[in-house]
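The values are calculated or read from the model by the stated rules, or taken from the named source; none is laboratory data. Being a predicted model, the structure only gives us computed values, none of them experimental. Cβ atoms come from the backbone with ideal geometry, glycine included; neighbour counts cover every protein chain shown. The accessibility values were calculated without ligands, DNA or RNA, using every heavy atom of the protein model including side chains. Shrake-Rupley method; radii C 1.70, N 1.55, O 1.52, S 1.80 Å.
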Amino acid sequence: MPPIETPSISRRCLVAAGAASAAATASPLAATAASNADAPVLAKVSFEINGKPQTLELDTRTTLLDALREHLKLTGTKKGCDHGQCGACTVIVEGRRINSCLSLAVMHEGDRVTTIEGLGAPDRLHPMQAAFVKHDGYQCGYCTPGQICSAVAVLDEIKAGIPSHVSADLTASPEVSGEELRERMSGNICRCGAYSNIVEAITEVAGRTA
Amino acid sequence: MKAFTYERVRSPAEAAAAARKPGAKFIAGGTNLLDLMKLQIETPRHLIDVNGLALDKIDKTPDGGLRIGALVRNTDLAADKRVRRDYAVLSRALLAGASGQLRNKATTAGNLLQRTRCPYFYDTNMPCNKRMPGAGCSAIGGFTRSHAVLGTSEACIATHPSDMAVAMRALGAEVETVKPDGAVRTIPIADFHRLPGATPHLETALAPGELITAVTLPKPIGGVHIYQKVRDRASYAFALVSVAAIVQRDGSGRVAVGGVAHKPWRVEAAEAQLRRGAKPTADLLLSGAKTTPDNAYKLTLVERTLGAVLAQARA
């Protein structure tokens, strides 16, 4: 039971509040921009985020990552490099993992998007989340939502028979091995260096679901 | 990022009409374009989303080859059973590039059209003839470990970053396009990418508004297919040097090299030397090379990588 006397403000609420105040201070700038040729262009997009239909009116420049974090307050998906190099923003769209920072929200009309919040929750962890906890697949945790979304999709890719750079025989079904997992997870960087534990976590889930 | 208007198109005719708008640019996977838009290296005023054009199929051609739709994702092209069996060098090249997340988004046409990763092209504080024609080249006289050694000019020494295109060059692929006026044409991959010359900002043979619709592969030629990529780390890095090779049982074959020029590098005359080994082949392949102290190693690396590939093909 959490202590009732302390105000229950989670880290997530704080982040969301911070984003809201940033938006408030940014609005005069947006108004200035509106007066010149570089005025923001708004567009509507409807998609399904973690099973829930959502319709947003967004600046066309908004990435899927910023739509999730800044507009839907789903701050589980992280912004790392914002250039597709680190994988912290990985989400699953129509069953496939992508870098949400390198995709415009308006290009996802009708898409089904799954973020870390959609995979599981503290009281009902996804098996991959549970395995990351069990195997210490993180230290600071910043890359973890991306790692987990990526890992879930990797096992589906192997199941679907998609080969990788290290698959010895292109025409055979790929296997779950440490070498395969390391190659397939290379788009997710972990600055704390929890890689070996991440591979152990994924291996365990693969064994359980094989 | 600069503001832009956005439109989804459903037919090549709609795409062509949209392409006439000022500052218009096509977007498919967007993995390279958005990266460059964030840095304001690309500043389109109108984005035309071509993902609804139904160009995402791989079909057999009448002459026994494959027609790969422009929107086929890199993951799907690499995993296609026919590609894995008959054009393995292409699967291997695709799988050696980028990350799983990026391959899920990146398209066949977009891969061909991706821009150089020259660090001076990306650094908007430095002059670059690609970004600003006539500004000068910061790479020349700069740090050039990753730069081109063949086909360079006084204006640009950037390399083309694609792995896929190197395999397609070895396979003799052709690029099918449609122009805004509806005219269609086929461009051999050898002529698709340009050398920098005095106009390094012009990177392909495409006319303004011209849209890639497909890439075709000729009928399979058999042989052992190898794509050997040498890079700074084991995965998720651009090539320092790469070799795409198709070697026949009699030792003859085809070789294209990546990481050395503004386009995939193939010299048919050098291939006649393949049966004599890596050294005579590399000598011809690399003739005319211009190196800096930073990137002269690439000549040795090409020869040795080719040697390793030929040994693997014989094994």
For region A:42-119, rounded, prolate or oblate, judged on the Cα gyration tensor with a ≥ b ≥ c (square roots of eigenvalues), a/c < 1.5 rounded, else prolate if a/b > b/c? oblate
Accessible area of chain B with a 1.4 Å probe: how many percent of it is carbon plus sulfur? 53 percent
Area of A:CYS192 that stays accessible when all protein chains are in place (1.4 Å probe, Å², to 10): 50 Å²
Indicate the gyration tensor shape class of region A:79-206 (rounded, prolate or oblate), computed on the Cα atoms with a ≥ b ≥ c the square roots of the eigenvalues: a/c under 1.5 is rounded; otherwise a/b larger than b/c is prolate and the rest oblate. rounded
With a ≥ b ≥ c from the Cα gyration tensor eigenvalues, square-rooted, and the rule rounded for a/c under 1.5, otherwise prolate when a/b > b/c and oblate otherwise, region B:93-250 is oblate
What are the residues of region B:29-58 that lose 30 Å² or more of accessible area, with a 1.4 Å probe, going from their chain alone to all protein chains? B:LEU34, B:ASP35, B:LYS38
Loop sites in region B:177-246: trypsin sites (Lys or Arg not before Pro), DSSP, at most 11 other Cβ within 10 Å: B:ARG233
Suppose we look only past 34 Å in the calculated P(r) of chain B. What percent of the Cα-Cα pairs does that tail hold? 20 percent
Apply the membrane-span-like helix rule to chain B: whole DSSP H runs, Cα extent along the own long axis of at least 18 Å, mean Kyte-Doolittle hydropathy at least -0.5. List the helices found. B:297-314
Checking rank on B:294-302, B:18-26, B:237-245, with mean other Cβ inside 10 Å and highest first, the result is B:237-245, B:294-302, B:18-26
Here the whole-number average of other chain Cβ atoms within 10 Å per Cβ of B:66-76 is 1
Solvent-accessible ranking of A:GLU48, B:GLU154, largest area first, probe 1.4 Å: B:GLU154, A:GLU48
Given that compact globular proteins tend to follow 2.2 N^0.38 Å, what is the ratio of the alpha-carbon Rg of the protein assembly as shown to that value? 1.00
Surface per residue (accessible, 1.4 Å probe) for region B:198-241, Å²: 42 Å²
Non-local residues with an amide H under 5 Å from the amide H of B:ILE27, with H modelled 1.01 Å from N and Pro and chain starts lacking one, are B:ILE48, B:ASP49, B:VAL50
Counting other C-beta atoms within 10 Å, and keeping those with at most 15, which DSSP coil trypsin sites (Lys or Arg not before Pro) do you find in region A:161-210? A:ARG191
For chains A and B, what's the summed buried accessible area, probe 1.4 Å, to the nearest 100 square angstrom? 3400 Å²
Sum of -39500 (n - 2.57) over DSSP H runs of 4+, divided by residues of chain B (222 nm, nearest 500): -7500 deg cm²/dmol
Taking a probe of 1.4 Å, how large is the accessible area per residue of region A:123-210, in Å²? 47 Å²
